[in-house]
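Written below as structure tokens is the structure these notes are about.
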Amino acid sequence: MKKFGIGVFVASAIIAMPASAMQKKNADGTPSINPGELVFYEMPNYNGESYMVKKTRPLLELEWNVASIAVHPGDSWQICQKPRYQGTCITFTEGATNLGRVPIKSARPSSEVK
């Protein structure tokens, strides 16, 4: 049986942390995210569980409904309530702090909308 040192345990714990626990915030309280990133949050005001999207996602399988969304300034994302960009779709060019509880099933950069 192989033994792993504490370094491996600590690294595993950091990797397993939710994105919200590791995410830095700007002075105004908005999440600091990179260009091309979109983050969904389970709770209003960028709180609770989070899920980061960095590319086109025709099928998102979130275990919770989305209450807030962080969008990098200058980016634009199409968010849809059904898989494969069906149902109600909205384009976000900035974050939203309180959406209620919206089921999100697909997302893509607006530049990919045909």
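Values in this text are rule-based calculations from the coordinates and carry no lab data. Just so you know, these numbers come straight off a predicted model, no measurement behind them. Backbone-built Cβ (ideal geometry, glycine too); neighbour counts: all protein chains shown.
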Theoretical FRET efficiency, 1/(1+(r/R0)^6), r = Cβ-Cβ of Asn47 and Glu112, R0 41 Å, to 0.05 | 0.90
Within 10 Å of each residue's Cβ, count the other Cβ atoms and sort Lys55, Lys24, Lys114 from fewest upward.
-> Lys114, Lys24, Lys55
Normalised by the residues of segment 52-114, what does the relative contact order come to in percent, with Cα pairs under 8 Å and at least six apart?
-> 44 percent
Segment 60-68 - phi-based ³J(HN,Hα) in whole Hz, Karplus 6.51/-1.76/1.60, Gly and Pro as x = 9, 10, 6, 8, 8, 7, 8, 10, 8
